[in-house]
1. Is it the case that residue 83 is near the ligand (Cβ under 10 Å from one of its atoms), hydrophobic (A, V, I, L, M, F, W, C), more than 20 Å from residue 214 (Cα to Cα) and touching a residue at least 40 places away in the same chain (Cβ under 8 Å)?
2. Just give me the residues in segment 83-124 being touching a Cys at 6+ places or on another chain (Cβ under 7 Å) and among the small types (Gly, Ala, Ser), in sequence order.
3. Of (1) more than 15 Å from the ligand (Cβ to nearest atom); (2) in a loop (DSSP other than H, G, I, E, B); (3) of a type outside the set (Lys, Arg); (4) farther than 19 Å from residue 204 by Cα, residue 50 satisfies all except one. Which?
4. For residue 5, only one of the following conditions fails: (1) more than 19 Å from the chain's Cα centre (by Cα); (2) assigned to a loop (DSSP other than H, G, I, E, B). What is its number?
5. Could you tell me whether residue 74 is part of a loop (DSSP other than H, G, I, E, B) and more than 13 Å from the ligand (Cβ to nearest atom)?
6. Give the residue, chosen from 36, 23, that is touching a Lys or Arg at 6+ places or on another chain (Cβ under 7 Å), within 14 Å of the ligand (Cβ to nearest atom) and among the β-branched types (Val, Ile, Thr).
7. Considering each of 119, 103, 88 in turn, give the residue that is surrounded by fewer than 24 Cβ atoms within 10 Å (Cβ to Cβ), among the charged types (D, E, K, R), in contact (Cβ under 8 Å) with a residue 12 or more places away in the chain and within 14 Å of the ligand (Cβ to nearest atom).
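Computed from the coordinates by the stated procedures, all read-outs in this text should not be read as laboratory data. Since the structure is predicted, the reported quantities are computational estimates derived from the model, not experimental observations. All Cβ positions, even for glycine, are placed from backbone atoms using ideal geometry, and neighbour counts span all protein chains on display.
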Amino acid sequence: LTQDALKTLVGRAALHYVEDGSIVGVGTGSTVNQFIDALAGLKERIRGAVSSSEASTQRLRALGIPVLEAGEVRSLPVYIDGADEIDERGYMVKGGGAALTREKIVAALAERFVCIADESKLVKALGAFPLPVEVIPMAAAQITRRFGQLGGAAQLRLKDGQPLVTDNGQHILDVTGLVITDPLAFESEVNQWPGVVTVGVFAHQKASVCLLGTAQGVRTLAF
Ligand code: DER
């Protein structure tokens, strides 16, 4: 099974967690796109979606699924999203799709976070994938120096040769060389550095369940 086939497999499997008449929290990325495409098949049975990015919003709307603002809901039964890495406790590294801030905002509204991923995302320890951090541009240099003190090398994410600008108008640093031994403590520490908008460690907003696409089918991990 190709990686795309695994993404389709778990994207469809996530429909199991969508309750009739509910509003669904929707993440961002290629695996989530498979979920959105599958969700279109039961759009008559849901009230709509809260989205974590302009990209997901456009895909949902193109398929006729109403998109509501995060501010319009008090809570969501479920949030479906991918991950760049997920460990054995459900802690994740996210942000490969540059949507980490709104992903964490919508995840915080949800009773359950269902992560959908192909098996390549399951890791023993977080940090091999360059850690995305959304930053206020004027603070990028000083945040880079702070990561340097932790042994990390921060690179400004570029798009077409220019700094990538997120849906929130900010920049992203991708940090390599970190060993994240305590994701909860790391997330709390970096979150309060001046100029950090969001760090791509999802430990405080960890997954409740992971649907892992493997050659043998979907493996369900509960955390
Ligand atoms: O940006 C994100 O957090 C995405 O969810 C990303 O981590 C997973 O994207 P993929 O499903 O395209 O690998």
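1. No: the conditions fail for residue 83.
2. 83, 90, 117
3. (2)
4. Unmet condition: (2).
5. When the stated conditions are applied, residue 74 passes them.
6. Residue meeting the stated conditions: 36.
7. 119 is the lone residue from the list that is surrounded by fewer than 24 Cβ atoms within 10 Å (Cβ to Cβ), among the charged types (D, E, K, R), in contact (Cβ under 8 Å) with a residue 12 or more places away in the chain and within 14 Å of the ligand (Cβ to nearest atom).
A quick yes/no check of all residues on (1) within 21 Å of residue 11 (Cα to Cα); (2) in contact with a Phe, Trp or Tyr (Cβ under 6 Å, 6 or more places away or on another chain); (3) part of a strand (DSSP E or B); (4) not basic (Lys, Arg):
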residue	(1), (2), (3), (4)
104	yes, no, no, no
111	yes, no, yes, yes
115	yes, no, yes, yes
124	no, no, no, no
142	no, no, no, yes
151	no, no, no, yes
